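Written out below as structure tokens is the structure these notes cover.
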Amino acid sequence: MFNVLWLQSGGCGGCSISLLNAESPDVLTRFKSADINVLWHPSLSEASVDEFLQLLDDIITDKIHLDALCLEGSVMKGPNGTGRFHMLAGTGKSMMSWLNELSEKADYTLAMGSCAAFGGVTAAGNNPGEACGLQYDGQISGGLLGEQWQSSKGFPVINVAGCPTHPDWVTDVLMQLALGDLQYADLDELNRPRAYTDHLVHHGCARNEYYEYKASAETLGDIGCMMEHKGCLGTQARADCNIRPWNGGGSCLKGGYPCINCTAPEFEKPRLSFTETPKIAGIPVGLPTDMPKAWFVALASLSKAATPKRLKDNATASQIITPPGKRKERP
Amino acid sequence: MTRKIYGPFNRVEGDLELEVEITDGVVSKAWVNSPLYRGFEQIMQDKPPMDALIYTPRICGICSVSQSIACANALADAQGIKAESNGQLASNIILACENMADHLTHFYLFFMPDFARDEYQQRSWYADIEPRFRAQIGTATNTMLKARAEFIHITGILAGKWPHTLSIQPGGTTTTASASDKVKLLAILMSFRQFLETQLFADTLENVIQLASENELKLWADSHAQADFSRFLHLADDLELNNSGKIDAHFMSYGAYGFEDQFLFPQGIWTGDSGSITSLNTQLIREDLSHSWMLSQQKPAHPYKGKTLPDPEQLEGYSWCKAPRYDERVIEVGALARQTMSQHPLILDLVKSNQSNVVNRIVARMLELARVIPEMENWCKQIKPNEPFCIQADMPDEAEGQGLVEAARGSLGHWIRIEQGKINNYQIVAPTTWNFSPRDKDNVAGALEQALLGTPVEEHGNKAVLIQHIVRSFDPCMVCTVH
């Protein structure tokens, strides 16, 4: 049996709600298949109040073994480092302190979502809550637990980043841990599971043909590529959103809006606005991560010159107006 | 006289702490504390106005679309535009999908598992309820999760994903629905209808909508005993839950599911004592900070003028939540308020006989499920796939905008002021801010604080199950309450 405790702090609860969207099969069936025992989850468990606090006490006093501690939401350090912005109800103690204690008891500690991993949207703007991630504060490693921190199994905090996380990302990593299959090498440079961050959001994007010919959308809702003007970061963003779809078949791109790179630290602080591509001398900054810039510019101007009329027409329309084939007129 | 603290609660969205004073075995005073503060209103200061569409849905993972729509409405108001008809239909369908999924989640995952607890072992209905609703293992859970996930495919088609879409815009939606999407949406709705008509109601939605009085509801529950809704009605009858969590507050609705200037469920204010409905005037809304951990203003302010500046040293403060009041009155919002405002005969009869209480709040949610799904089918059919879904307009450098919406849990309002092309002030008043408000300057308690008065408390902690029924009957969303 693999015991999981799931806590929420400075977030929106959306990663839990997303987890409930797991299907074929549902989240509880998935957990059962890997012998995962949910000690407590805020949306699923019966225990409240004293029974829940007793559980925390049993974990801290080693009466119950904790395999995985999951945090959803940022660590709230404010105001002035006191943690008062989130006192765990009924305990008079900050969630920050609880997390310090519980992370020492867990074989693995996981940050579920970008808030818990890096601070996320809760750390946006002037970060009034002094929000940070469990082991990162934005791009800087450290966070609550510190750069050198390791769990009792020798793992850093596993950052299942995303805003929200995809239900499969969460169940994949928990089930792999329960089976003893997940190795340190399965995490990327930000300790995110490579199972989904070895991909780019660009992979499988339905707008790839528009990207190839630099046929660009001009307003939100246009079906062209959103990289040139609309701030899309899909060519840099690390996730498999267009390979492993959301809610039966969706993705941000399919929804008609740009990828905002929500699995990355500090995605919440765009250079200009989320839906506007920053440019220098008309060339977008932040081109595909590993492509030489000169080549990109050369290929872009070449492909732009070769753009078929069909793509040019459709790129700035909200529905396909010029289809690939032409029907014969009816006699 | 003793004082007890209850918390943390689960199966509410976010963290919640409750303090009650017990005199002669009943609650004589209650204080509700929302213990988490994040500071969205401060975060959005000086941001480009359109970026609010990315920040605000992330206030809440369960009311994410409601936040998007309130934001889009506020921006549209600032721009002086109205969304395309197709966009209005698509937004309504996405919002209804979230709201109905939330009603379902509340009933099956958050509320009913409390009746499957050991505390009720001696009750005649326990042998039926326990295997069906026990948290995590009840047979209803898997069935419901499957139906819920498939229903939410609607957002995969129209919103890209849920939670946290950016498809909802001031001028409509970035998504369009093709003719093929349209038929797929209809098929998903039919599948969800079948789930409701076999599991939740064991009857057609149309028959449920026709129920017109408390007596008819009782007879219906007796003749549809296998329906999950009837199971609740029977145990609620046995536990006399219609005498629990009672208040005589006013109801408010901002109006739900607007299309072509008509709401499906109208807006208004319902006055408890007289039972009359008056028109809504949002100018009468004030947020009182007297018992909040907020830097105090001179007097309660309208959200356009309000500020959100946390100050944990406020001596009278006991919550991060502000105390919104309408014309200085405490307000209850939610499905019960909406269905009262729409003057549905069943709800009017229930409220007339027993005000707002635990049972009536649940019945109103179930009735909404029955009433809204057929409307979703109608909205789908009205979509014209080859016409536009979104209009574009410039954002003025100086403007104000108000955005109202009915979330599953009730009235949600956003107020934005734009200066020099940037957000100068953004204030949010969420449904549970109303329902779980702390006291105001006149020391008048909020809706839940009033609803708990007189509740018998025989056992404490998790065993004080009645207190939990009352709290959860509001379907609180704490991450919206304080954002």
Among the DSSP beta bridges whose two residues both lie in region A:2-197, what percent are antiparallel, rounded to the nearest 5? 30 percent
Size of region A:202-320 as Cα extents on the principal axes (Å, biggest first): 36, 31, 23
Translational diffusion coefficient of region B:62-107 at 4 °C, 1.567 mPa s, Stokes-Einstein with Kirkwood Rh over Cα pairs, in µm²/s as a whole number. 114 µm²/s
Using Cα pairs closer than 8 Å and at least 6 residues apart in sequence, work out the relative contact order for region B:248-326, in percent. 25 percent
Here the FRET efficiency for B:GLN210 versus B:HIS460, based on Cβ atoms and R0 = 30 Å and rounded to 0.05, is 0.10
Tell me which of A:PRO25, B:TYR120, B:PHE232 sits at the most positive position along the dipole axis of the protein assembly as shown, charges placed on C-beta atoms (Lys, Arg +1; Asp, Glu -1). A:PRO25
Too-long pairs where the Cα-Cα distance tops 18 Å, listed order kept, from A:LYS93/B:LYS322; A:LYS214/A:LYS293; A:LYS269/B:LYS422; B:LYS184/B:LYS381; A:LYS214/A:LYS312; B:LYS246/B:LYS352: A:LYS93/B:LYS322
So if each residue of separation counts as 0.36 nm, and I subtract the Cα-Cα distance between B:ILE137 and B:LYS305, what length gain in nm does that give? 55.6 nm
Placing +1 on the Cβ of each Lys and Arg and -1 on the Cβ of each Asp and Glu in region A:202-320, which of A:PHE267, A:HIS229, A:GLY249 has its Cα farthest towards the positive end of the resulting dipole? A:HIS229
For the pair B:ASN443 and B:ARG329, the simple spin-label estimate (label points 7 Å beyond Cα toward Cβ) gives in nm 2.3 nm
Cα centroid separation - region B:340-378 against region B:265-308, whole Å: 24 Å
Find the eigenvalues of the gyration tensor of the Cα atoms of chain A, then list the square roots of 5 times those eigenvalues as equivalent ellipsoid semi-axes, largest first, in whole angstrom. 42, 22, 17
Find the all-direction average of the projected area of the Cα convex hull for region A:4-146, expressing the result in square nanometres with one decimal place. 8.8 nm²
Counting only C-alpha contacts under 8 Å and six or more residues apart, can you give the relative contact order of chain A as a whole percent? 15 percent
Short to long, in 20 Å steps from zero, the percent of alpha-carbon pairs of chain B per bin is 25, 59, 16, 0
Loop-resident GluC sites (Glu not before Pro) in region B:294-373 with no more than 10 other Cβ atoms inside 10 Å, DSSP not H/G/I/E/B, are B:GLU313
Computed over region B:293-389, the ratio Rg/Rh where both radii use C-alpha atoms and Rh is Kirkwood: 1.16
Work out from phi, with θ = phi - 60° and the Karplus expression 6.51 cos²θ - 1.76 cosθ + 1.60, the ³J(HN,Hα) of each residue of region B:315-320, listed in order in whole Hz, and give x for Gly and Pro. 5, 7, x, 9, 7, 7
Taking the Cα centre of region A:182-328 as origin, work out the dipole magnitude from +1 charges on Lys and Arg Cβ and -1 charges on Asp and Glu Cβ, in debye rounded to 20. 760 debye
Cleavage-rule hits (trypsin sites (Lys or Arg not before Pro)) in region A:225-330: DSSP loop, at most 13 neighbouring Cβ within 10 angstrom: A:ARG271, A:LYS326, A:ARG327, A:LYS328
On full extension of the chain, what length is gained from A:ALA185 through A:GLU209, given 0.36 nm per residue of separation minus the C-alpha to C-alpha distance? 5.2 nm
Can you give the longest stretch of chain A with no exposed loop site, where a site means GluC sites (Glu not before Pro) in a DSSP loop (not H, G, I, E or B) with at most 12 other C-beta atoms within 10 Å? A:1-146
Quotient of Cα radius of gyration and Kirkwood radius for region B:151-248, i.e. Rg/Rh, equals 1.14
Percent of all alpha-carbon pairs of the protein assembly as shown at distances over 49 Å, whole number, is 13 percent
Give me the dipole magnitude in Debye, nearest 20, for chain A about the Cα centre, with unit charges on the beta carbon: positive for Lys and Arg, negative for Asp and Glu. 1900 debye
Once you list every other residue whose beta carbon is under 14 Å from the beta carbon of B:LYS184, what net charge do they have if Lys and Arg are +1 and Asp and Glu are -1? 0
If I take R0 = 30 Å and measure r between the Cβ atoms of B:LYS384 and A:SER24 in this structure, what FRET efficiency does the formula 1/(1 + (r/R0)^6) give, to the nearest 0.05? 0.35
Please compute the contact order of region B:2-481 in relative form: average sequence separation of alpha-carbon pairs under 8 Å and at least six residues apart, divided by the residue count, as a percent. 25 percent
For B:GLY39, the residues 5 or more places away or on another chain with a placed amide H closer than 5 Å to its own amide H are B:HIS483
Only helices counted: for the protein assembly as shown, with every DSSP H run of 4 or more residues adding -39500 (n - 2.57) and the sum spread over all residues, [θ] at 222 nm is -9500 deg cm²/dmol
Report the FRET efficiency, 1/(1 + (r/R0)^6), for B:GLN283 and B:GLU313, where r is their Cβ-Cβ distance and R0 is 35 Å, rounded to 0.05. 0.65
For the charge dipole of the protein assembly as shown, defined by +1 on Lys and Arg C-beta atoms and -1 on Asp and Glu C-beta atoms about the Cα centroid, which residue among B:TYR426, A:LEU220, B:GLN382 has the Cα displaced farthest towards the positive pole? A:LEU220
So if I place +1 on the C-beta of Lys and Arg and -1 on the C-beta of Asp and Glu, and nothing else carries charge, what would the dipole magnitude of region A:2-197 be about its Cα centre? I want it in debye, nearest 20. 380 debye
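Only the coordinates and a few stated rules stand behind these numbers; no lab work does. Values in this document were obtained by computation on a predicted structure and should not be read as measured data. Positions of Cβ are backbone-derived with ideal geometry, glycine not excepted, and every protein chain shown enters the neighbour counts.
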